1. Scanning the stretch 192-233 for residues that are of a type in the set (Lys, Arg) and in a strand (DSSP E or B), which turns out modelled with the highest pLDDT?
2. Take the residues in the stretch 52-84 that are without any contact (Cβ under 8 Å) to a residue 60 or more places away in the chain and not in a helix (DSSP H, G or I), then tell me which one is least open to solvent (accessible area, probe 1.4 Å).
3. For the stretch 1-37, which positions are at pLDDT below 80 and under 25 Å from Gln80 (Cα atoms)?
4. So is Arg228 within 17 Å of Tyr166 (Cβ to Cβ), open to solvent by 70 Å² or more (accessible area, probe 1.4 Å), of a type in the set (D, E, K, R) and touching a residue at least 12 places away in the same chain (Cβ under 8 Å) or not?
5. Is it the case, given these coordinates, that Thr298 is without any contact (Cβ under 8 Å) to a residue 24 or more places away in the chain, of a type in the set (Val, Ile, Thr) and open to solvent by 30 Å² or more (accessible area, probe 1.4 Å)?
6. Yes or no: Lys176 closer than 25 Å to Tyr101 by Cβ, at pLDDT below 95 and basic (Lys, Arg)?
7. Please find, within the stretch 145-179, the residue that is nearest to Tyr258 (Cα to Cα) out of those that are touching a helix residue (DSSP H, G or I) at 6+ places or on another chain (Cβ under 8 Å) and open to solvent by 50 Å² or more (accessible area, probe 1.4 Å).
8. Scan the stretch 5-22 and report the pairs whose first residue is over 15 Å from Lys48 (Cβ atoms) and whose second residue is among the acidic types (Asp, Glu) and open to solvent by less than 70 Å² (accessible area, probe 1.4 Å), with Cβ atoms within less than 7 Å and a gap of 6+ or a chain change.
Amino acid sequence: MFEWQQQIQIITDEIDQCIKNYNDEALTLRMLAKRLGYSEFYTTRKFKQITGMQFKDYLRCRKLAFALKEIRDSDKRIMQIALDYGFSSHEAFTRAFKNTYGVTPSHYRANPQAVILRTKIQPFDRYFLGLQEIGMMKSSASIKIYFVTIPAHKFLYISNYESNGYWDFWQKQSLKQGQDQDTVCGYLDSIKGKLDDGGGSETNSSSGQIMAYIIDPGGRLCDWGIERVECYGVRLPANYHGVIPPHFQLRDVLSAEYIVFEHGPFDYDQENRSVEEQMEKAMADFDYTETDYVPDLTPGRIIYFYFDPVKGWKYMRPVKRQADKEHYNEKMV
């Protein structure tokens, strides 16, 4: 089964690459099955078995997701967008768009709203499947540590008071109606103006989606000794007044100072575990006495967690000036 999950991952990667390049000729079941060395029938059967979707339905939904964001973010004619994404006519594109999102492309362009986009399927994850690293390669890169001031912004998110870690978070969210990973990430992918959006198609910080931990006395005590609530969402401009999807919260975040622990790009399959260990050690060992800062554990402050192997791994933790250090030391004692 793991081998076929990896094969289907190759297909989903290829689908996104072809869609980005408007390469519709290469985006056929025949071409993709040929690349894997299997028949079209066997490939589509395994695709449905592993993803729960028919190949043609997944392909159509991914094309529409890319098309919607181009309608939202560009001035390109809708007819041209329809042709670029493989639709034979304006009518065919409009019909598919409305059946999927409930509005026509022209109405959406005039009135953007939060809709659930079909995010990229990730059927093969080495760590989620418990396969560990390939070759146990250890990252040799150093952790950069520095302080920054983040301007005022807003944070749009869902939260969970009981979860402990990324996978546990989504497992618990899946038990809540309308708050599973596909739905949440689909909504977030449709939000325009995300501050951290690098244009990626993965459901991580490459597309502006990030984990966060809100310090809260009513939250769960984590390994860092902090009571916090786990969250998943996007940072937005301070003047954002767009729609808030169902079950989401929108919080104002004031301008403040943070300490950043950052590791550069890494090989997810081979280095993820060792990078995680390095990051945790760097945060645990950091000596604030040599700086002008101390950690800020004020309820409501947010720790941001950026994860994108192509760009790197980064924690941004709130701090305050040394003038408040005596109060911090008394609290820790």
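The values are calculated or read from the model by the stated rules, or taken from the named source; none is laboratory data. Treat the numbers as computed from the prediction; the structure is a model and nothing was measured. Because the Cβ atoms are built from the backbone with ideal geometry, glycine has one as well, and the counts that use them run over all protein chains shown. All accessible areas refer to the heavy atoms of the entire protein, side chains included, with ligands and DNA or RNA removed. Shrake-Rupley method; radii C 1.70, N 1.55, O 1.52, S 1.80 Å.
1. Arg228
2. Checking each candidate, the answer is Ser74.
3. Asp24, Glu25, Ala26, Leu27
4. Spelling it out, it is not the case that Arg228 is within 17 Å of Tyr166 (Cβ to Cβ), open to solvent by 70 Å² or more (accessible area, probe 1.4 Å), of a type in the set (D, E, K, R) and touching a residue at least 12 places away in the same chain (Cβ under 8 Å).
5. Here the answer is no, as Thr298 does not meet what is asked.
6. Yes.
7. Ile145
8. Tyr22/Asp84
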